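Chemist: Dumping the structure here so I can ask a few things about it.
The values are calculated or read from the model by the stated rules, or taken from the named source; none is laboratory data. Small disclaimer: the values here were computed from a predicted structure and weren't measured. Virtual Cβ from ideal backbone geometry, glycine too; neighbours counted across all protein chains shown.
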Amino acid sequence: MHTTLLAASAVFLWSTAATAFKLALRELDPYQLLFIAACTSFIALGVLQTRNGGFAFLRELPRRELLRCAIWGLANPLAYYMLLFQAYARLPAQVAQAVNYSWVVMLALLSVPFLGQRLSPRDIAALCVSYGGVLLVATGGDPGSLAEGTLSGVLFALASTLVWAGYWIAGAKSSLPSTTALLLHFAFGLPWVTLACLLFSSLPDRLSPAAILPAVYVGLFEMSVTFLLWMNALRRSASAARTSSLAFFSPFLSLCWIALILGEAVAPATMLGLCCITGGALLQRRAIENSSL
């Protein structure tokens, strides 16, 4: 499949995730959604791994790599999606997805302590622009309107960006193929997901199509298959930077599905704030590209 088509497919599927989250959360609580989606993702990744060479690699996998996968299985799927679904349960989809997109900016922040990078004046300006956009989206342009429920949802969304950015930084150090690494993360994370569901909710029972279909969709096209499409696109691309620029279309396309399917009227503050978030992320990426020349 052509590189651009792979990347465009991933961007399109990711743009539908926010809508699928909200549809599933109409019928399920965040823990039940996480359980169904994680199970779906684990099965899908297992099938893909079977087609890509099977599980013989487990006999030769170093214990250190297994331990690393076990640790990051706590981050993804458990911590990241638990925080993210809590945010979506409390916020309009347009707000949750815009704030969550600031993980790209959080990635730059975490690169300072973990990768030894330095923030230039341009980096700092980009961060200010992006987090100004987060504040604009969260408040709708009126800081006094930030109610307690909205504030907790925004904090959950920001916490999810912290986990996801850290997960990406850690994943960059892994030598495992994408499918194998993701499968192991879900294999180690799924028992914790199940335990969390049992402790704080209950396992889903007598599911309706309105509950199971969007939850399975999330497991397939947000957690697993789309991630692999994106990684394959970057790996095959002659210019990873050019290919990755397609990701900036995703949050704006997502607003279209949110308006059309969920019926949310997209607020001007959301659009302006999202422009600030993505603009800051673009500015940050250009600063990194220029520093590498």
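Chemist: Please find, among PHE85, PHE114, the residue that is of a type in the set (Phe, Trp, Tyr) and either without any contact (Cβ under 8 Å) to a residue 60 or more places away in the chain or not in a helix (DSSP H, G or I) (or both).
Modeler: Only one candidate qualifies: PHE114.
Chemist: Turning to a different aspect of this structure: Among the residues of region 203-226, count how many are aromatic (Phe, Trp, Tyr) and either without any contact (Cβ under 8 Å) to a residue 24 or more places away in the chain or crowded, with 22+ Cβ neighbours inside 10 Å (or both). Reasoning before the result, please.
Modeler: To start, the set of residues in region 203-226 that are aromatic (Phe, Trp, Tyr) comprises 217, 221.
Those still in the list that are either without any contact (Cβ under 8 Å) to a residue 24 or more places away in the chain or crowded, with 22+ Cβ neighbours inside 10 Å (or both) too: 221.
Of the residues in region 203-226, 1 are aromatic (Phe, Trp, Tyr) and either without any contact (Cβ under 8 Å) to a residue 24 or more places away in the chain or crowded, with 22+ Cβ neighbours inside 10 Å (or both).
Chemist: Report yes if VAL99 is surrounded by 24 or more Cβ atoms within 10 Å (Cβ to Cβ) and among the β-branched types (Val, Ile, Thr), otherwise no. I'd like the intermediate steps shown before the answer.
Modeler: Values: surrounded by 24 or more Cβ atoms within 10 Å (Cβ to Cβ): yes; among the β-branched types (Val, Ile, Thr): yes.
So VAL99 passes the test.
Chemist: When GLY116 is evaluated against the numbered criteria (1) on the phi > 0 side of the Ramachandran plot; (2) at pLDDT 95 or above, which criterion, by number, is the only one it fails?
Modeler: It is condition (2) that GLY116 fails.
Chemist: Could you tell me whether any residue of region 72-81 is among the hydrophobic types (A, V, I, L, M, F, W, C), out of contact with any Ser or Thr (no Cβ under 8 Å at 6 or more places or on another chain), in contact (Cβ under 8 Å) with a residue 60 or more places away in the chain and closer than 22 Å to LEU262 by Cβ?
Modeler: No - not one qualifying residue is present in region 72-81.
Chemist: Give me the residue from region 102-130 that is β-branched (Val, Ile, Thr) and under 28 Å from ALA269 (Cα atoms) and, out of that set, surrounded by the fewest Cβ atoms within 10 Å (Cβ to Cβ).
Modeler: Among residues in region 102-130 that are β-branched (Val, Ile, Thr) and under 28 Å from ALA269 (Cα atoms), the one surrounded by the fewest Cβ atoms within 10 Å (Cβ to Cβ) is ILE124.
Chemist: Quick one: which residue in LEU229, LEU162, LEU158 is crowded, with 20+ Cβ neighbours inside 10 Å and among the aliphatic types (A, V, I, L, M)?
Modeler: Testing whether each residue is crowded, with 20+ Cβ neighbours inside 10 Å and among the aliphatic types (A, V, I, L, M) leaves just LEU229.
Chemist: Next question, about the same structure. Name the one entry in LEU33, LEU58 that is under 24 Å from THR194 (Cα atoms), modelled with pLDDT of 95 or more and either of a type outside the set (Ser, Thr, Tyr) or not in a helix (DSSP H, G or I) (or both).
Modeler: Exactly one residue qualifies, and that residue is LEU33.
Chemist: Which one of LEU67, LEU136 is without any contact (Cβ under 8 Å) to a residue 24 or more places away in the chain, assigned to a helix (DSSP H, G or I) and either among the hydrophobic types (A, V, I, L, M, F, W, C) or within 26 Å of ILE258 (Cβ to Cβ) (or both)?
Modeler: LEU67
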